[in-house]
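Chemist: Would you mind keeping the following structure in view while I ask a few things?
Nothing in this text is a laboratory measurement; each read-out follows from the coordinates by a stated rule. Here the structure is a predicted model, which is why all the values come from computation and not from measurement. We place every Cβ from the backbone using ideal geometry, glycine too, and count neighbours over all the protein chains shown.
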Amino acid sequence: MTVESYALKILSDHGCDCYTYGGEDSKHVLEDLKEGYPDGMDFPYIDVANAILAISRPKQIHKAPFRMVWDTDNCCDSIDCESLEAAKCQAEDTLIEWQMEEISKWADGVPTEEQIDDWNYMIWNCGVEIYKYDPDTDEYVVADRLSYEEEEQLGWREITEDYKPWELMKGE
């Protein structure tokens, strides 16, 4: 067995491939080998580490074509999506999840005045948008957002005298 075939076997035995140490993790290969094989190896650590690095390749850069960005009053993040439809579903799911979190705080399904204020604050200060990747600029640009009607269908609207979601839920 050569040191190269031994290195390939070590990678395979641990669920790794030629991309595992092809990037930033390459500087950890020697430490990982010593940690994983504290009693030694069939070849010197340094030789196995160098063989792993010789067969390692960096992964090509992949940018998701779409990104659903969510924004609250204190946090902003995103979820990469492979299609506009997937991004739109993520946006809808996020709004629904936020609503369910608020509703779960309501005793007996009916909010207090403070919880109504919290709900309305959420409606006015939290949101989602869909961005599309532009390879010419290497940036994401706003591509779509849920319409007011789509948000309203999800129940994403301010609580008012005319709209009381807990009364609608009783009819279900």
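Chemist: Farther than 24 Å from GLU167 by Cβ, assigned to a helix (DSSP H, G or I) and of a type in the set (S, T, N, Q): does that describe THR94?
Modeler: Here the answer is yes, as THR94 does meet what is asked.
Chemist: Another question, if that's okay. Filter segment 122-141 for residues that are part of a strand (DSSP E or B) and farther than 19 Å from HIS62 by Cα and give the result.
Modeler: Matches in segment 122-141: GLY127, VAL128, GLU129.
Chemist: So, one more: So, in segment 30-77, of the ones that are touching a residue at least 12 places away in the same chain (Cβ under 8 Å), of a type in the set (Asp, Glu) and not in a strand (DSSP E or B), which residue ends up surrounded by the fewest Cβ atoms within 10 Å (Cβ to Cβ)?
Modeler: Among those that are touching a residue at least 12 places away in the same chain (Cβ under 8 Å), of a type in the set (Asp, Glu) and not in a strand (DSSP E or B), it is ASP73.
Chemist: Residue check, THR94 against (1) more than 24 Å from CYS126 (Cα to Cα); (2) out of contact with any His (no Cβ under 9 Å at 6 or more places or on another chain), all met but one. Which one?
Modeler: Only one criterion is unmet by THR94, namely (1).
Chemist: Continuing with this model, one more query. Could you list, in sequence order, the residues of segment 5-29 that are crowded, with 16+ Cβ neighbours inside 10 Å and of a type outside the set (Phe, Trp, Tyr)?
Modeler: Hits for segment 5-29 are ALA7, LEU8, ILE10, LEU11, CYS16, THR20, GLY22, VAL29.
Chemist: If you go through segment 85-126 one residue at a time, how many are surrounded by 12 or more Cβ atoms within 10 Å (Cβ to Cβ) and hydroxyl-bearing (Ser, Thr, Tyr)?
Modeler: Residues flagged as surrounded by 12 or more Cβ atoms within 10 Å (Cβ to Cβ) and hydroxyl-bearing (Ser, Thr, Tyr) within segment 85-126 amount to 2.
Chemist: Search segment 142-168 for residues being part of a helix (DSSP H, G or I) and surrounded by fewer than 13 Cβ atoms within 10 Å (Cβ to Cβ), and hand back the single one that is farthest from the chain's Cα centre (by Cα).
Modeler: This residue is GLU167.
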